[in-house]
Amino acid sequence: MAEPTIEDYYLEERSFPPPPEFAETALVRDRSLYDQAEKDYQAFWADQAAALTWTKPWDTVLEWDLPFAKWFVGGQLNVSYNCLDRHVEAGRGDRVAYHWEGEPGDSRTLTYADLLDQVQRFANVLKGLGVTKGDTVAIYMPMVPELPVAMLACARIGAAHSVVFGGFSSDALRGRINDASCKVLVTADGGWRRGAPVGLKGNADEAIAGAPTIEHVVVVRRIESEPPMTEGRDHWWHELMQGADPDCPAEPMDSEQLLYLLYTSGTTAKPKGIMHTTGGYLTQVAFTHKYVFDLHAETDIYWCAADIGWVTGHSYIVYGPLANGATSVMYEGTPDFPDKDRWWSIIERYGVTILYCAPTAIRTFMKWGTQYPEAHDLGSLRVLGSVGEPINPEAWIWYHENIGGGHCPVVDTWWQTETGAIMISPLPGVTATKPGSATFPLPGISAEVVDDAGTKVTKGGGYLTLTRPWPSMLRGIYGDPERYKETYWSRFPDRYFAGDGAKVDDEGYLWLLGRVDDVMNVSGHRVSTTEVESALVDHATVAEAAVVGAKDETTGQAIIAFVTLRTGNEPSDAHGQVLRAHVATRIGPIARPKTIIFTDDLPKTRSGKIMRRLLRDVAEGRDLGDTTTLADAGVVDEIKRRAATAPTEE
Ligand code: PRX
């Protein structure tokens, strides 16, 4: 029996037009941006690029040699100049760039002038350590102000950064450092997490033990610890900064100069180093940050509650907000320390007007209850954003009512590490939203849903594709142009395949339906099934493993692992814990399976392919569909029996 590629169960009827009092002062109130972009999308993007400061104008807006794009060719600019100097030169040096709050309650205020000073000094520190244009610097840090400083310092001198999320393991860090032959690592002694200091330097040391290209390590002191420092290789941030020259002019960079690498999970075990460059990237992150959030930079207090280690933080904590001269809040820790109202207390104290976060956080807050937000005055909020995974209508409505007081537009923003910036989203003063729909492509963007044959779907489900290049698109996968073509541009001719299912409703609204490949989405983070399988099989007791994502109320998807042990090893809860811990060491705590189901066999087709769809059905407790292609039908009954009794970790 043929099954539909994308199943579509849900029909949402509610619609929320922009509140009139919001629309009155919104930056965009009509469709003119859309009309202008439709007429000539390249001219439209050129207009947006002109909002940046270029030291040399571009000759050609776009060179498109499918699938390789170059934007604003011949133009030169410096990202850190655009994010810092130009605001200071325009007399806005005293404006706050970041209200930073540490988890223990300490805080720091950094103005644009402060940030520029720090960035110039650190750029000189990097130069002093031998970093030059074209080098790559690895950054592995908690959410402290030194993290954006390090990124901007790299941009200032033309070194690419490769930020590795602080929650990743030493193995994951080592793999990423080696893939890009990073020369310097910037890290910290640790960070604060749920009320306790958590060391980071030990992980960094383990990673570097197998990373021969690292010549120097710079360590920020955050938890007042005394980690071992290797003489000649390791340096304290504060010591280097003390002696650093405060003057480091921004060097003009070609528009296509590599700005950063950011690794993301794909369908194989090896993460992909996504490449982002300078002019096009900054153009689109600045444009989207301004218009999607209706940013009034003089008055808004903006808070993106992501971690800078993910693309959301790169584009919407660092580059977009700073390019626009915004005032941001940056928070180091967890939402439940010292209590479950930490976020609402932050919003009240700083007067946050724009909040951007992930559905998984919203669902957690729903679970905790409305008493926490109710205890605070959230009246300053005027725009709410969502990112990272489909937001279920129930969570959308809860967010709208309990956080936004029923009067804040909710912008559900679809994009990816690869797209660099928001692609599909409402404009809050123009678009009538529907809970759970990311609505329409932004001006300048063209997205279409297609069926298996690549034919456009005007109503119903299919695959999300992008039909023309966009300025902040990935320029490739580091060191692997073939994989770039294969992953994104081979499934449908002349289209970028995002890997997401989507449907179009009667009114043309887009509804994202989750990944269609072997990538799970856990708390808004992409985790590859293959990567987790490889980590499990890497354990000496494991013969075979199959990993699937199952729907989960809080995290969107939860990781469920089916594991066959080598003979001589007995399944037990304790052994399940050992394997979970093993995955956490190999990849990071985010990839730790929620449930491990031990089984003597995995269901396979006669050609030996593991039947994942069937395992997903088991994991989600559904009735099993057609099992006639199974080599051994008895296996399934056994697995169902085991699944029903498998312990699950909260
Ligand atoms: O499946 C989509 C989901 O997150 C994937 C991209 O993950 P990542 O590269 O880690 O970037 C996350 C932050 C941009 C997408 O392929 N996704 C992201 N935003 C949404 C979403 N799914 C539905 N609705 C969204 N708003």
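The values are calculated or read from the model by the stated rules, or taken from the named source; none is laboratory data. Predicted model only: the values in this text are computed from it and were never measured. In this analysis, Cβ positions are derived from the backbone assuming ideal geometry, glycine residues included, and neighbour counts consider all displayed protein chains. Ligands, DNA and RNA are excluded from the accessible area calculation, which covers all protein heavy atoms including side chains. Shrake-Rupley method; radii C 1.70, N 1.55, O 1.52, S 1.80 Å.
DSSP bridge analysis restricted to segment 20-502 gives an antiparallel fraction near 50%, rounded to the nearest 5.
Here are some pairs, K70/K127; K290/K367; K594/K640; K340/K367; K127/K290; which of them have Cα atoms lying more than 22 Å apart in this structure? Display every interim value, and only then the final one.
Values: K70/K127 28 Å; K290/K367 32 Å; K594/K640 17 Å; K340/K367 11 Å; K127/K290 33 Å.
Cα-Cα > 22 Å for K70/K127; K290/K367; K127/K290; rest within.
With K and R counted +1 and D and E -1, the other residues having a Cβ less than 15 Å from that of Y316 yield a net charge of -3. Summarising the amide proton neighbourhood of T439: residues at separation of 5 or more, or on other chains, whose placed amide H is nearer than 5 Å comprise L510.
Sequentially through segment 256-270, phi angles give Karplus couplings (6.51, -1.76, 1.60; θ = phi - 60°) of 9, 4, 4, 8, 7, 10, 9, 8, 9, 6, x, 8, 10, 6, 8 Hz, Gly and Pro residues having no value and appearing as x.
Packing order of peptides 143-151, 88-96, highest average first: 143-151, 88-96 (average count of other Cβ atoms within 10 Å over each peptide's residues).
In terms of its alpha-carbon gyration tensor, segment 523-645 comes out oblate; a/c meets the 1.5 threshold, while b/c is at least as large as a/b. With an a/c value under 1.5 for the gyration tensor axes a ≥ b ≥ c computed over the alpha-carbon atoms, segment 20-502 is described as rounded. Close amide H pairs (under 5 Å, H built 1.01 Å from N) link A188 with V220, residues at least 5 positions away or on another chain. Only DSSP H runs of four or more residues enter the estimate; each adds -39500 (n - 2.57), and after division by the residues of the chain the mean residue ellipticity at 222 nm equals -7500 deg cm²/dmol. Length available on full extension from R31 to S490: 0.36 nm per residue minus the Cα-Cα distance, which gives 161.9 nm.
Between M229 and E38, the modelled labels are 6.1 nm apart [label points 7 Å from Cα along Cα→Cβ].
Taking each residue as 0.36 nm, the span from E620 to E482 lengthens on full extension beyond its C-alpha to C-alpha distance by 46.1 nm.
A simple count of charges around F293, restricted to other residues whose Cβ falls under 10 Å of its Cβ and scoring Lys, Arg +1 and Asp, Glu -1, yields 0. What FRET efficiency comes out for the pair E21/A90, r = Cβ-Cβ distance, R0 = 22 Å, nearest 0.05? E(calc), rounded to 0.05, equals 0.15. Of all DSSP-defined beta bridges confined to segment 523-645, some 75% are antiparallel rather than parallel.
The alpha carbon gyration tensor of segment 109-256 gives principal lengths a ≥ b ≥ c with a/c of 1.5 or higher and a/b no greater than b/c, which makes the shape oblate. When you count the other C-beta atoms within 10 angstrom of each residue and take the mean per peptide, 200-207, 27-34 line up highest first as 200-207, 27-34.
Taking 0.36 nm per residue of sequence separation and removing the Cα-Cα distance, the R349/R194 pair yields an extension gain of 53.8 nm.
So, counting K/R as plus one and D/E as minus one, what does the shell of residues with Cβ under 11 Å around T487 add up to? Every neighbour counted, the sum reads -1.
What separates the Cα centres of segment 249-289 and segment 304-318 is a distance of 13 Å.
With the whole protein complex present, H289 retains an accessible surface near 0 Å², based on a 1.4 Å probe.
A simple spin-label model places the labels of T213 and D505 4.7 nm from each other, with each point 7 Å out along Cα-to-Cβ. Put simply, the amide H of L66, placed in the peptide plane, has no neighbours under 5 Å, leaving out anything fewer than 5 places away on its chain.
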